[in-house]
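Some notes on the structure that comes next.
The values are calculated or read from the model by the stated rules, or taken from the named source; none is laboratory data. It should be emphasised that the depicted structure is a prediction, and the values quoted were computed from it without experimental measurement. Here Cβ is always computed from backbone atoms with ideal geometry, including for glycine, and neighbour counts include all displayed protein chains. Heads up: the accessible areas ignore ligands, DNA and RNA and are worked out on the full protein's heavy atoms, side chains in. Shrake-Rupley method; radii C 1.70, N 1.55, O 1.52, S 1.80 Å.
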Amino acid sequence: MRASKLYAPTLREVPAEADIVSHQLLMRAGYIRKAAGGIYSYLPLALRVLRKIEAIVREEMNAEDAQEVLMPITQPAEIWQESGRWDVYGDEMWRLSDRHGRMFCLGPTHEEMITTLVKMDVRSYRQLPLNLFQIQNKYRDEIRPRFGVIRGREFIMKDAYSFDKDVAGLAINYQKMFDAYTKIFSRCGLNFRPVEADSGAIGGSGSHEFMALCETGEGGVVFCKQCSYAANDEKAELAVIVMPVETELALQIVDTPNVKTIAEVAEFLNVENCRLIKSVAYHTETGPVLVLIRGDHQVNDIKLKNSLGCLNLDMATERAIVEDMHSISGFIGPIGLKAVKIVADSSVMNMYNAVTGANATDKHYVNVNPKRDFKADIVTDIRLIKANDPCPRCGEPVEYARGIEVGQVFKLGTKYSQVLDATYLDEAGKAKPMVMGCYGIGVSRTMAAVIEQCHDSNGIIWPVSIAPYQTVVVPISAKDAEQMTIAERIYKTLSDNGIETVLDDRNERPGVKFKDADLIGYPLKITVGGKAINEGLLEVKERKNGEVHFIAVENFIDDIRKLLG
Ligand code: ATP
Ligand code: MG
């Protein structure tokens, strides 16, 4: 490809909304352009990267006996109604109707579709195991599309679905997909970790997320250096904290004028945060809920949702706190609160002489002894793990990191096969539900995650495996006929040898060409200048470490191959 023809319009100014580096660089270097919030066009360079990631995904899927299919994006409402998810999926699902008023959705995922497909033709245990995958656009009307293609509303996903006779078969397929994912993300050059995950709304009995570690990640992960434990912070269980026993003092109301937040209360009463009971009011589809957690802890929304069995969890408004809970924002607490479900973190129930709101303006209770002073409807672990909390397995302090979820694998079991009636006949001729797994990779998100990890102040640093082109040939002066002749020859030889190359034939200053080469992120930059003419030497610079090599023009291909690894 000649740079003079390449459609990679670079930008000097990055749109203000691009607040993380991958989004900025994808815009600046001419990889993507926005069509609407969370919806992007991929320009030629991005498409080449995506195709390379897809090729890696295909190879590793095929190697584990998964076969590629392509299902429709447009899915009839009926199959989602049958599974019960038409109502559950909520506003994230993109719904549309045809001219006859029949309802459809744009597939956010394909469990219903694949189960319906497979049950048409799979009848016998002899046809199992089966693993089918596709690479396709998915649609999720995300509440907060952001970070460019990391959280899009239209994005590319690889989704695979396995069907087995029994859980032992599922365990094998799950492990095969786990291993394939490990290979895929390693080959893409990512620094990642598989972590235990919550199986969430999709249901099922076990799950791992593959997290690309980086500061800008939306997900939190904890891992233990001592044992092998690693989990999404939403999933990590926590041991109950046992506090030293204290004499229970008499409950007392104190004035706390305009003192509302945990920090304000702690300062005003001169106590540590861990002696306060934080009361957080929520609204759910089954009514108001008050959640109690120690003042120095955070609520884990996923655990809370799981313990309540609810789908929607929103912070209660100030008005709802007054009207539904008969309390007042900033001074809410469990004592005397009526008609509100109370969920307490297990550690709260072990506190002594604590502080809570008194459900009256400018009042708090002190000397609250939970077991004595109020009753919680649910007492369970609803706390979010943080750095240095004890590892749930071995008790050593855990480390905390942030990550981007690039893939997830789930053991679904019979959740979908049962409701959608996908059965097979076993050896004894008995009908049994197929045992399923599902496995997703965010292809477009992976591209951005790699950039989050592989860049410097000058631009992207692509790993060779997924770079849009592996090398760029830069003649110092496009006007110098001798340089151009050598550059053309180098370009042709590289291309003939299957090394994807851009020839920067533009009549630009060398500084401009070098800047663009760094921004776009070619792994190798081959400069053709005076040295090539006078000494027969090419200057080859590695993007990843800035190392410069001078290699002889004659037989340079082997050296380039070596540098590409
Ligand atoms: P998240 O928690 O980030 O919303 P998810 O758990 O809902 O993602 P899955 O249903 O597990 O996503 O989808 C499989 C993969 O698809 C994810 O691991 C992720 O890499 C990718 N993905 C999910 N949502 C998006 C999105 N809005 N934009 C880009 N990629 C996405
Ligand atoms: Mg996920």
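Observations on the model:
- Solvent exposure of the chain, expressed per residue, is 45 Å² of accessible area, with all protein chains present and a 1.4 angstrom probe.
- Value of Rg/Rh across the range 132-289 [Cα atoms, Kirkwood radius]: 1.09
- Cα-based Rg / Dmax (Å) for the range 369-432: 21.9, 61
- Of the trypsin sites (Lys or Arg not before Pro) found in the range 314-348, those in coil by DSSP whose Cβ has at most 12 other Cβ atoms within 10 Å are LYS338.
- Full extension of the chain between GLN81 and VAL167 gives 28.3 nm of extra length, using 0.36 nm per residue less the Cα-Cα distance.
- Calculated log₁₀ intensity ratio I(q)/I(0) where the Debye formula runs over C-alpha points of the range 100-197, q = 0.13, 0.20 Å⁻¹: -0.66, -1.21
- Taking the protein heavy atoms of the chain in the context of the full set of protein chains, the accessible area attributed to carbon and sulfur is 50 percent at 1.4 Å.
- Once the chain from SER124 to LYS338 is taken as fully extended at 0.36 nm per residue, the excess over their C-alpha distance is 71.4 nm.
- With N the number of residues in the range 37-77, Rg(Cα) / (2.2 N^0.38 Å) evaluates to 1.55.
- Size descriptor for the chain, Kirkwood hydrodynamic radius: 27.3 Å (Cα pairs only, one decimal).
- Paramagnetic label zone (point 7 Å from Cα along Cα-to-C-beta, ALA387; backbone N under 13 Å) in the range 213-227: 215, 221-223
- Debye-formula intensities of the range 1-98, expressed as log10 I(q)/I(0) at q = 0.19, 0.20, 0.21 Å⁻¹, are -1.03, -1.04, -1.05 (one equal scatterer per alpha-carbon, no solvent).
- Kyte-Doolittle mean at least -0.5 and Cα axial length at least 20 Å: DSSP H helices in the chain: 44-63, 167-187, 481-496
- Gained length - LYS225 relative to GLU396, 0.36 nm times residue gap less alpha-carbon distance: 60.7 nm
- Peptides 537-543, 517-523 ordered by average Cβ neighbours within 10 Å, highest first: 517-523, 537-543
- Calculated diffusion of the range 406-565, Stokes-Einstein form, Kirkwood radius summed over Cα pairs, 4 °C and 1.567 mPa s, µm²/s: 69 µm²/s
- Alpha-carbon centroid distance for the pair the range 489-565 / the range 211-258, whole angstrom: 52 Å
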